[in-house]
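> Below is the structure I would like to discuss, written out as C-alpha cells.
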Amino acid sequence: MNGPYKPGTPCWIDLMVPDQQAALDFYSDLFGWQGEIGPPETGGYSVCTLKGKPVAGIMRASNPDGSTPDPMPPTVWTTYLTTDGIDATLKAVTDAGGSIMMGPMDVMELGRMGVITDPTGAVVGLWQPGTFDGAGIVNEHGALIWSELSTGDTDAAARFYSAVLPISTAPSAMPGAEGYTELKVAGRAVAGMMDLSTLPDGVPPHWLPYFHADDVDSIQAATVRAGGSVKAPAFDMAAGRMAVLADPQGGTFAVITASSPEQPA
C-alpha cells in the first residue's frame, strides 16, 4: 500500500487474546511476522510487521482499567473499515439500526476509532486515519488479502453498510460463486458477504480475515502442529484454494492461495 484507503475499505485487523506473547509467537512462526509487546502507554498493543510494514495488531484482553476480564471474552479478529469522519459514521450507524460498542476515541496521533455491531449482530471496527492509514502490505504471503462478512440477513446487512459508508453491493460474477455478494467501493470489490446458512449451526455473524498463503496445505499443517485447529480443511473453490483455521487460543482466520487475487485496498 502506497496511499490511503478509500472510505468503506477494510484497512486493518487486530486480534484480542488472553495470552498476547503466545499469539505473537504463533503468528510470527506461521507467517513470518515480527512483533513484540508494546509500551504501557499503548496498553501493550503490538503492531506486527512483515518486511518492515504493518500487517496486523495483537493485544491482550483486558478491562479498561487494565485488569483481567472475568469471564474472558472470546479470542477474535476484528476487521476495521476506513472512514473519513468517524463521528458522522457512528451517527449513521445508530440511525441505520446498528449499535456502538466503543468510541469514538483518539489513538494518540495515529487516528480515531470505534467498534460497532451491525443490525445482524456482526462486530466490525471503524478507523479514521491520522498518521496511520492501516496495513502497509497486502496480498502477499502472510498479509491480508480479503475480508468477508457472514450474516443471517444479507439484505439487511447490505442496506446497513451502504447507509453508513460509501459501499455498494452486487452479486459476484465469478463462476462458481453463485449466492456470494461483493461489497464494493468506487466500483471495486473490497470485501465479500455470504449467508450464515452455509456454515455449521451455531456460528454467529462475524467478519473473517483472509491471509494470502503461498501453500495453504502447509499453513494448515503448521497450524495443527502449533496447537491450532482446522475449521474447514483445505479445499479448492472459485477464487482459489483455501482453508479456515483457528489459532491455539481460538482466533479464527482463513488462508487462501488466490487464483486471481482481489486486492483489499
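The values are calculated or read from the model by the stated rules, or taken from the named source; none is laboratory data. Fair warning: this is a prediction, and the values are worked out from it, not measured in the lab. Glycine gets a Cβ as well: all are built from the backbone with ideal geometry, and neighbour counts include every protein chain shown. Each accessible area value is taken on the protein alone, full model and side chains, heavy atoms only, with ligands, DNA and RNA left out. Shrake-Rupley method; radii C 1.70, N 1.55, O 1.52, S 1.80 Å.
> Using a 1.4 Å probe on the protein heavy atoms, what percent of the accessible area of the chain belongs to carbon and sulfur?
Answer for the chain: carbon and sulfur cover 55 percent of the accessible area.
> Let me ask another. Excluding residues on the same chain fewer than 8 positions from residue 184, give the aspartates and glutamates whose Cα lies under 20 Å from its Cα.
84, 118, 133, 148, 153, 155, 195, 262
> Right, next: Within 15 Å, Cβ to Cβ, of residue 249, how many net charges do the neighbouring residues add up to if Lys/Arg are +1 and Asp/Glu are -1? All intermediate terms of the calculation are to be shown ahead of the outcome.
Details: positive: 60, 231; negative: 14, 19, 25, 29, 247.
Result for the neighbourhood of residue 249: -3.
> What are the extents of the Cα atoms of the range 1-60 along their three principal axes, listed from largest to smallest and rounded to whole Å?
33, 25, 17
> Please list log₁₀ I(q)/I(0) at q = 0.10, 0.12, 0.19, 0.22 Å⁻¹ for the range 1-127, using the Debye equation with identical point scatterers on the alpha-carbon positions.
With one equal scatterer per Cα and no solvent, log10 I(q)/I(0) is -0.34, -0.49, -1.20, -1.45.
> Could you check the simple spin-label distance between residue 65 and residue 109, using points 7 Å along Cα→Cβ, in nm with one decimal?
Spacing of the two 7 Å Cα→Cβ label points: 3.3 nm.
> As I understand it, the dipole of the chain uses +1 on the Cβ of Lys and Arg and -1 on the Cβ of Asp and Glu, about the Cα centre. Which of 71, 135, 44 lies farthest toward its positive end?
Most positive-ward Cα: 135.
> Tell me the mean residue ellipticity at 222 nm calculated for the chain from its helices only (DSSP H runs of n ≥ 4, each -39500 (n - 2.57), averaged over every residue, nearest 500).
Mean residue ellipticity, 222 nm, calculated: -5000 deg cm²/dmol.
> From the C-alpha gyration tensor of the range 107-237, pull out the three semi-axes of the equivalent ellipsoid (sqrt of 5λ each), sorted largest to smallest, in whole Å.
25, 22, 16
> I want to check the label-to-label distance for residue 226 and residue 53. Put each point 7 Å from Cα in the C-beta direction and report it in nm to one decimal.
It is 2.1 nm.
> Ignoring ligands, DNA and RNA, what accessible area per residue does the chain give at 1.4 Å, in Å²?
Numbers: 11800 Å² over 265 residues.
About 45 Å² of surface per residue is accessible.
> In whole percent, what relative contact order does the chain give with Cα contacts below 8 Å and a gap of six or more residues?
About 20 percent, as a whole number.
> Residues with beta-carbon under 13 Å from that of residue 43, excluding residue 43: net charge, scoring Lys, Arg +1 and Asp, Glu -1?
-2
> Do me a favour and compute the ellipsoid semi-axes for the chain from its Cα gyration tensor, root of five times each eigenvalue, largest one first, whole Å.
After diagonalising the Cα gyration tensor, the semi-axes are 24, 24, 18 Å.
> What aspartates and glutamates sit close enough to residue 51 to cross-link, taking a C-alpha to C-alpha distance under 13 Å and skipping anything fewer than 8 places away on the same chain?
Answer for residue 51, where 13 Å is the Cα cut-off: 140, listed by chain and number.
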